[in-house]
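**Student:** Starting off with a structure, shown below.
Only the coordinates and a few stated rules stand behind these numbers; no lab work does. The model shown is predicted, which means the values in this text are computed figures rather than measured ones. Here the Cβ positions follow ideal geometry from the backbone for every residue, glycine too, while neighbour counts run over all protein chains shown.
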Amino acid sequence: MNPLRIGTRDSQLAVWQATLVQGLLKDAGVSSELVHMKSEGDVDTVTPLYALGVTGVFTKTLDAALLNNRIDIAVHSMKDVPTQLAQGIQQAAVLKRASHKDIFVFKHSADFLADFSSEATIATGSIRRIAQWLNRYPAHKVENLRGNVNTRLRKVQENDWNGAIFAAAGLERIQLRPEKSVDLDWMLPAPAQGAIMVVCREDDDLAFEACQSFNDEATALCTKIERDFLRALMGGCSTPISALAVKNGNIVRLDGNVCAPDGTDLVTVAMERELENSANMGEEAAQLLLKDPRTQRIIQTVRNGKQ
């Protein structure tokens, strides 16, 4: 069997994730090699993600390479993957989840976070983070922040901001989390945040089977529930939708929300199910939210482009 060709974006974090998968394949007795590529989301590091107007901005280059048989598997940060995979591509594995949390990296002090009426300037390129932040801190100003994690960390120091929001998993995986950072336990994450997905072609049984040894069933279930919630709400990069499912013994709990882009309204849902009845939780929770007129108002606002 020829070495499996692992497609990856060429950022430090993406290469770290692909190298992790390469090690797991080696443990399973499968040889592999990395194939580096640059995605549209990496090339354009200025335009806010929600303004790029597409889902899959970080994944479609690798999808095309898969379908054109230039690579055999692709490794993605799962929160970047569209809820509907490209035709001809299947999920091969979901790795055990790292931290799902968002963190705040600050320049001087984070004391101002205790005062919800404080004035400050923070940075993020995520519409979800902007919405939840402004809901909690309505007097704060938010600046756009794009680029890989190294670039974004540098920009925090170069600009006159109080700090910026990052995913904990990304910084912790490549050992770049600064001491000047705090967990945002109140902020609900993006669906599948902290998880890594491996995909392959639907007709490639060898690649699929090679990945089964490191597929984590609990993470796969929880991220499926979160992504079902996102899909049922018709959410993409431009809709502030958050979700977290957690399996604790035989119980699965889902917390989700939809937030107005300017933070003025936040609609939440919480649900618990026994494990054997948890498969459709994401869809059920989304339907509950869709019955709330505030949810319909938020979705319509986003559709109308009133960011």
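**Student:** Among the helices (runs of 4 or more DSSP H) contained in the range 197-307, which hold 3 or more residues that are over 19 Å from VAL94 (Cα atoms) and touching a residue at least 40 places away in the same chain (Cβ under 8 Å)? Let's see the steps before the verdict.
**Tutor:** Numbers: elements: 205-210, 217-232, 281-290, 293-303.
The qualifying helices (runs of 4 or more DSSP H) are 281-290, 293-303.
**Student:** Of the conditions (1) surrounded by fewer than 19 Cβ atoms within 10 Å (Cβ to Cβ); (2) outside any strand (DSSP E or B), VAL182 fails just one. Which one is it?
**Tutor:** Failed condition: (2).
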